[in-house]
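Asker: Pasting a structure below so you can have a look.
The values are calculated or read from the model by the stated rules, or taken from the named source; none is laboratory data. Note that the structure is a prediction, hence the values are computed from the model and not measured. Glycine also receives a Cβ, built like all others from the backbone with ideal geometry; neighbour counts cover every protein chain displayed.
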Amino acid sequence: MSATVVVGCQYGDEGKGKIVDLMSRSMDWVARFQGGANAGHTVVIGRKTYVLHLVPSGILHPKTKCVIGHGVVVDPIELLKEIQMLREKDIELDGRLFLSDCAHVILPYHKWLESLDAHDVRVGTTKRGIGPAYEQKYARTGIRVYEFIDPDRFRQRLQEHGEVLERVFRGAGVEPPQPIDRAIEEWVDEYSKVADQIRGFVSETMTLLGDAWRRGEKILCEGAQGTLLDVDMGTYPFVTSSTTTAAGAASGLGLPPSAIRKVVGICKAYATRVGEGPFTSELLGSEAEALREQGGEYGATTGRPRRVGWLDLVALRHAVRVNGIQSLVLTKLDVLSGRTTVPVVIAYDGPNGRMTIPPRDPRALDACRPVIEERPGWSDDLSKVRRYPDLPEAVRDYVEWVGEQVECPVGIVSVGSGRNQVIRVPRSRSQVTAPA
Ligand code: IMP
């Protein structure tokens, strides 16, 4: 059997949690491959709302096993909080949740370093220590989970970091939030208790998943953030620090790339962005406020109001191409109800002419102006519709037109946050010839 990857097509917050939850029903494994507690996946089941930051949304299906892969950077306190929240809601975790022994841990000093770094501040990060943790991973100085759960090794690694931290703060001419020696003693004490509670979940997940794949079990690889926040393929330098695109699934879990047979892209029917960086289809003023309110666009992790804009087909085309997306899910279509027309960005006008693929240089992107097409709108409430033919004609036209424009079929549309508020698009209507 093969692995399926779910990725975000925009700047994160596309509604991946809900779709992963939907797809998890038929999966043996759901595995997170990158990011950390900067992500927030919201799943609404009946009257209960689950906001998950680290544990894959698949955990809400009793038979699915979940992995936090070595590509993830794990804040042990956040993980423990999530474990406790899930236990309080009677979700069984033992034998179902596996944390990679090779994932890197995020500790308080990563957050200290993040607020010291003017660049991180400029990007408008989530302040979860994500950037500094990945920096240390690639500088080969990070602390991995197998060291974190071994008290002697953990103390020794912290002491090594203490010396470096002293130098960094002294060099910056800034007092650390706490004297470093004292902080290390506190962390050894506090985190050893946390380690005791998560040790039971630690596992060699690369072997676990590799064996599952060889046995023919079904694996869903759950991406966090979105394509435009990918460290290489996104709007660099206004990006997160990991590979959020489909390729990251193989490296972040240790699965062979040939295991990945299907890539599903999640895209909101409009666009949002948290933090700084280019956003070509951005709306401002009262129009932005209205869309933000209608869509409830406030960060699940930070509570920050999200920047909002129209669906950008130039960016979506890029996401389809770099991820090799075979099927799209269009979410939050219900939010666009009540408009005479629905504006969509179909191209960019830049200094060198019209573009249908975004330029990579942020300066060139800044110089681009969106070319907008007004599509016919609809006034009906979509939230109760469950069958594709029951959607208003203007909605069906919109869905099929989007698929044609980006050469990738829309397979599912979502019309609300509830688990059952999804509509499958019949194959004949979603057929678009993608490149072989
Ligand atoms: P970091 O991932 O905290 O380093 O933040 C880098 C950039 O990615 C910032 O602009 C964040 O707002 C953005 N970002 C990180 N995670 C998410 C997410 O889950 N949804 C939306 N934006 C995110």
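Asker: Would you mind finding the one in S251, S192 that is out of contact with any Asp or Glu (no Cβ under 8 Å at 6 or more places or on another chain), small (G, A, S) and outside the structural domain of C66 (by TED's automatic domain parsing)?
Answerer: After ruling out the rest, the residue left standing is S192.
Asker: So, C221, is that one within 16 Å of the ligand (Cβ to nearest atom) and hydrophobic (A, V, I, L, M, F, W, C) or not?
Answerer: no
Asker: Please work out if T141 is in contact with a His (Cβ under 8 Å, 6 or more places away or on another chain) and either surrounded by fewer than 16 Cβ atoms within 10 Å (Cβ to Cβ) or more than 28 Å from S203 (Cα to Cα) (or both).
Answerer: yes
Asker: Separate question: Spot the failing condition for E135; the list is (1) without any contact (Cβ under 8 Å) to a residue 24 or more places away in the chain; (2) closer than 25 Å to G248 by Cα; (3) in contact with a helix residue (DSSP H, G or I) (Cβ under 9 Å, 6 or more places away or on another chain), and only one is missed.
Answerer: (1)
Asker: Quick one: would you say A224 is part of a helix (DSSP H, G or I) and surrounded by 16 or more Cβ atoms within 10 Å (Cβ to Cβ)?
Answerer: For A224, the condition - part of a helix (DSSP H, G or I) and surrounded by 16 or more Cβ atoms within 10 Å (Cβ to Cβ) - is not met.
Asker: So, T245, is that one within 16 Å of the ligand (Cβ to nearest atom), out of contact with any Cys (no Cβ under 8 Å at 6 or more places or on another chain) and at pLDDT 95 or above or not?
Answerer: Considered against the rule, which asks whether it is within 16 Å of the ligand (Cβ to nearest atom), out of contact with any Cys (no Cβ under 8 Å at 6 or more places or on another chain) and at pLDDT 95 or above, T245 comes out as yes.
Asker: Kindly indicate the residue of the range 52-101 that is crowded, with 21+ Cβ neighbours inside 10 Å, among the polar types (S, T, N, Q) and not in a loop (DSSP other than H, G, I, E, B) and also modelled with the lowest pLDDT among those meeting that condition.
Answerer: Per the criteria, the residue is S57.
Asker: Kindly indicate which of G210, G200, G216 is within 25 Å of T64 (Cβ to Cβ) and either assigned to a loop (DSSP other than H, G, I, E, B) or within 16 Å of the ligand (Cβ to nearest atom) (or both).
Answerer: Values: G210 fails: either assigned to a loop (DSSP other than H, G, I, E, B) or within 16 Å of the ligand (Cβ to nearest atom) (or both); G200 fails: either assigned to a loop (DSSP other than H, G, I, E, B) or within 16 Å of the ligand (Cβ to nearest atom) (or both).
Residue meeting the stated conditions: G216.
Asker: State the number of residues belonging to the range 254-279 that are more than 16 Å from the ligand (Cβ to nearest atom) and among the hydroxyl-bearing types (S, T, Y).
Answerer: Number of matching residues: 1.
Asker: As an exercise: evaluate A290 against (1) within 16 Å of the ligand (Cβ to nearest atom); (2) among the small types (G, A, S); (3) assigned by TED's automatic domain parsing to the domain that holds E407 and give the number of the one condition it does not meet.
Answerer: (1)
Asker: Let me ask something else. Output the residue which, of all residues in the range 331-351 that are assigned to a strand (DSSP E or B) and in contact with a helix residue (DSSP H, G or I) (Cβ under 7 Å, 6 or more places away or on another chain), is nearest to P392 (Cα to Cα).
Answerer: Step by step, filter the range 331-351, then rank; the result is V342.
Asker: I'm checking my understanding of the structure. Among residues of the range 224-242 that are near the ligand (Cβ under 10 Å from one of its atoms) and of a type in the set (S, T, Y), which one is nearest to R360 (Cα to Cα)?
Answerer: T235
Asker: I need a count of the residues in the range 15-49 that are within 16 Å of the ligand (Cβ to nearest atom) and outside any loop (DSSP other than H, G, I, E, B).
Answerer: Total satisfying the criteria: 9.
Asker: Where residues in the range 293-320 are buried (at least 16 other Cβ atoms within 10 Å of the Cβ) and without any contact (Cβ under 8 Å) to a residue 40 or more places away in the chain, which of them is nearest to the ligand (Cβ to nearest atom)?
Answerer: R307
Asker: Can you find a residue in the range 255-265 that is assigned to a helix (DSSP H, G or I), in contact (Cβ under 8 Å) with a residue 12 or more places away in the chain and not polar (S, T, N, Q)?
Answerer: Yes: one or more hits.
Asker: Quick one: is R354 charged (D, E, K, R) and in a loop (DSSP other than H, G, I, E, B)? Show your work before the answer.
Answerer: Details: charged (D, E, K, R): yes; in a loop (DSSP other than H, G, I, E, B): no.
Considered against the rule, which asks whether it is charged (D, E, K, R) and in a loop (DSSP other than H, G, I, E, B), R354 comes out as no.
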